[in-house]
Amino acid sequence: MSGIGPVEPAPHGDEPRPAPPPAGPAGPPGPAPAPPPETLSGRCGDPDSPGAYERWTALPRRTRRTALALTGLVAAIATGCYLLPHRTAPSAPPPPPWPAQAVEVGYGGTTAPGDPADEGVFAFRIRVSAVRNTAVTVENITQPYPALSLTTSPRTPLTVRPGDTRQLTVRIAVRRCSGIPLGVELPPLDITLRNTRAIKDQTFLLGAAYANDLSAALRAHCSAHRSRVPHTP
């Protein structure tokens with residue numbers, strides 16, 4: 001009697017493998033591969049293709065000159081735009097000198113007062129020179145003694161241009177002899193000066209010659225005046 005026994009397992013490695021899927025209809029083609037990078041000597045993998053250098057040299061000379069000129073212009077504009085904010089501002093010019101530093105005042109001696117009838121009036125010449133590159137205006141001239149008065153000819157204010165010298169006559173009149181220092185050593189003149197920088201009062205000492213002439217005139221006038229005053233017992 002024959003029979004069918006149980007199925008024995010297949011040995012390891014003999015398992016059945018799935019069949020490959022059947023080939024279907026052909027689909028649309030995929031994207032073409034990217035071209036190889038370009039180099040100066042040619043395209044990668046295609047040494048016979050011209051590179052950038054060969055194409056540049058193959059351009060007409062006028063085209064290459066125009067391209068170089070435009071490249072230089074763009075570089076110059078870019079450099080200027082970078083340097084303009086970083087450019088140092090020019091320094092401001094120095095201010096003009098103070099009025100007293102821009103003039104020299106000198107003494108020119110005595111002169112006739114103008115009217116011989118003016119008793120007790122004495123005239124002295126002075127020079128005002130603008131020695132710097134700025135005009136200076138003489139606004140006023142005074143003296144410190146209350147017993148004396150002062151006027152000028154020409155009258156102030158007057159302007160001295162750069163490099164020029166103006167001559168003035170200072171007339172000093174005696175108001176009263178009391179209180180006048182007859183032995184003045186350095187009588188000052190107070191001069192108000194103005195230029196484009198400031199207006200300042202400055203005291204000038206005209207030297208020993210002016211002091212001697214003024215003292216001699218005051219002494220002579222006041223001595224004669226006192227001798228004419230009658231003596232009361």
- Using 0.36 nm per residue of separation minus the Cα-Cα distance, give me the extension gain between LEU68 and ALA209 in nm, one decimal. 42.7 nm
- Burial order of peptide ranges 148-161, 128-141, 193-206 (average beta-carbon count within 10 Å, highest first): 128-141, 193-206, 148-161
- Query: Just from the alpha-carbon atoms, what are the Rg and Dmax of segment 99-228 in angstroms?
  - Reply: 15.4, 53
- Task: Enumerate the amide H contacts of ARG175 below 5 Å, restricted to partners 5 or more residues apart or on another chain; note that Pro and chain-start residues carry no placed amide H.
- Result: LEU148, SER149
- Message: For a quick check: with amide H placed at 1.01 Å from N, whose amide H comes under 5 Å from GLN202's, ignoring anything fewer than 5 positions away on the same chain?
- Response: ILE191, THR192, LEU193
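Rule-based calculations on the coordinates, nothing more; no lab input. Source: prediction; values computed, not measured. Because the Cβ atoms are built from the backbone with ideal geometry, glycine has one as well, and the counts that use them run over all protein chains shown.
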